[in-house]
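Here the structure comes first, spelled out in structure tokens, and everything after it is commentary.
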Amino acid sequence: MAQGNKILNLIGGELAPPASGDYFGNEDPAIGQIYSEVPDSDEKDLDAAVDAAEKAAPVWRNMPAESRAQVMNNLAALIEKRQEEFARAECVDNGKPLSLCRNIDIPRSIANLRFFAEAGKEMEGETFRAEKSFSYTLRQPFGVVATISPWNLPLLLFTWKLAPALASGNCVIAKPSEITPMTAYMLSTLAEEAGFPKGVLNVVHGRGAKIGAAITRHPKIPAISFTGGTVTGKEIYGTGSRLLKKVSLELGGKNPTIIFDDAKWDAALKGALASAFTNQGQICLCGSRILVQQTVYERFREEFVELAAAQKVGDPLEDATAQGAVVSRAHMDKILGYINLAQEEGGDILCGGRRLFVKGRCKQGYFIEPTVIDQLEASCRTNQEEIFGPVVTLLPFADEDEAVALANSTPYGLAASVWTESKERARNVAARIDSGIVWVNCWNLRDLRTPFGGMKNSGVGREGGLRALEFFTEEKTVCQPAA
Ligand code: TXE
């Protein structure tokens, strides 16, 4: 798809190289080699994209919601036809197992487009009758909005933002992560065939500090939806709030998995394992602190470590692989740095703890052994900061109160999972945990209609369902004298 492996921007309906002509390398992390080139876009490209989006705005916003939905459904169908191609591209770009791309990333990306195409038809206003007046509300698109998305679930999170922005009648400037731009590029090559009018969907590739920062301060972009790291989120929020932009932030997590001694044992063990290591631990929803009731702590530790050590780490293209490569050398070094820190803080590495050298084609890839650590204080940096890799800590607790206190002891508040057979305890604990979502006896089960987002340093605002459509629209009250 990329000509000479060069990725292109989509601006005003044209696939175009960056104005500067500059590119940088895009690595396949499983082999540690550059395989494609990413446009190093700058303000010139952004201005062209914003101009094109502004021109297209009246066309798209005045199109009936059903027609917009049709175009989005066409795009979903085109991706579906090429599902295997997209899955392989995501696997190569990110390092995650191909099976995960086939079963989660690409199907969910298609589902995002279809879900919001339908939801866009459901947006409604309210009516208010009073003695002297009759008022009603209109939900109207901003015109031009931006989305900035990360590398851990590249197409899934790209479409999770893009779809509600489009469905609510906006033209979009979408910036995928420069670390995993390939599937967003592939999507952009299908926009014309899907029937998007030129300028409705613009994809601008490049570095966060350059094109991302330019998007954040652009005077003609009034709303930005961001998913990524907390440090970047704070920067975007700072600039955005000074310019009175509407900003939605979905940031990091340090999520607790809480295992009570009455939990269904095998389900809890498997749930904790999936929550710890799926996508190499690189999901903001991953449970990176496992809190286990003292009465079953020893048994859990022994069985969990055995399962973690048995995880098949290796070539992400192989069917048997459970854990692929982490996303980049820099990210691998960050994770290994945290493992060193854990040891300095007195942690006992129960399994893993090192870079893994895989034989064959992946010998220079960025793999890390599934790592389980205990004997750490809840307040130490390892237990407070987001590591975002295949690294979990175990912490014992005595009772419900201590479990809740430990769960709430970090600056984050994105997700938690609670494993217990007591319905009353599940209700009590769920109510007391400071996080945007609490799963009971499950993990990462998602109903796309439900609110999604975090408390504390995990974000500002909620995505999902109508809330995402609301974010991308302005509400207007129209008032007239009562008849
Ligand atoms: O993400 P960044 P990074 C966490 C995780 C990870 C850490 C840093 O802990 O180790 O964040 O990851 C764009 N203005 N998460 O640095 O930078 C960037 O180009 C505007 C959690 O790789 O936040 C990319 O498109 N945009 C997370 C997007 O922001 C900027 C997923 C996200 O990248 C910018 C990923 C700037 N100044 C990492 N700088 C989650 N919540 O799921 C960068 N970007």
Translational diffusion coefficient, Stokes-Einstein: compute it for the chain using the Kirkwood radius over C-alpha pairs as Rh, at 10 °C and 1.306 mPa s, and state it as an integer in µm² s⁻¹. 68
Obtain the radius of gyration and the Kirkwood radius of region 145-260 from its C-alpha atoms and give Rg over Rh. 1.00
By the scheme Lys and Arg +1, Asp and Glu -1, what is the net charge of all other residues having a beta-carbon under 15 Å from that of residue 25? -4
Over the Cα atoms, compute the radius of gyration (one decimal) and Dmax (the largest Cα-Cα distance, rounded to a whole number) for region 255-447, in Å. 16.0, 52
Proximal charge balance of residue 476 [Cβ under 12 Å; K/R count +1, D/E count -1]: -2
For the chain, take the longest principal axis of its alpha carbons; what is the angle in degrees between that and the long axis of helix 423-432, to the nearest 10 within 0 to 90? 60
At 1.4 Å probe radius, can you tell me the per residue accessible area of the chain in Å²? 40
For the chain, give the percent of accessible area contributed by carbon and sulfur heavy atoms, probe 1.4 Å, rounded to a whole number. 50
Rounded to whole angstrom, the alpha-carbon centroid of region 436-475 lies from that of region 293-369 at a distance of 30
Just to confirm a number: summing +1 for Lys and Arg and -1 for Asp and Glu over residues other than residue 238 whose beta-carbon lies under 14 angstrom from that of residue 238, what do you get? +3
With Cα atoms, 0 to 90° folded angle of helix 154-167 axis to the chain main axis: 30
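Rounded to the nearest 500, what is the 222 nm mean residue ellipticity of the chain from helices alone, with -39500 (n - 2.57) per DSSP H run of 4+ residues and division by all residues?
-11500 deg cm²/dmol
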Proximal aspartates and glutamates relative to residue 270, as straight alpha-carbon distance under 14 Å, when same-chain residues fewer than 8 apart are discounted: 302, 303, 306
Between helix 43-62 and the chain, what is the angle of the helix's C-alpha long axis to the longest principal axis, kept within 0 to 90° and rounded to the nearest 10? 70
Near residue 245, which lysines are there with a Cα under 25 Å away, not counting those fewer than 8 places off in the same chain? 44, 55, 161, 175, 210, 220, 234, 456, 476
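The values are calculated or read from the model by the stated rules, or taken from the named source; none is laboratory data. Owing to the predicted nature of the structure, the values given are computational and were not obtained by experimental measurement. Cβ sites come from the backbone with ideal geometry, for glycine too, and all protein chains shown count toward neighbours. Surface areas here come from the heavy atoms of the whole protein model, side chains and all, with no ligands, DNA or RNA. Shrake-Rupley method; radii C 1.70, N 1.55, O 1.52, S 1.80 Å.
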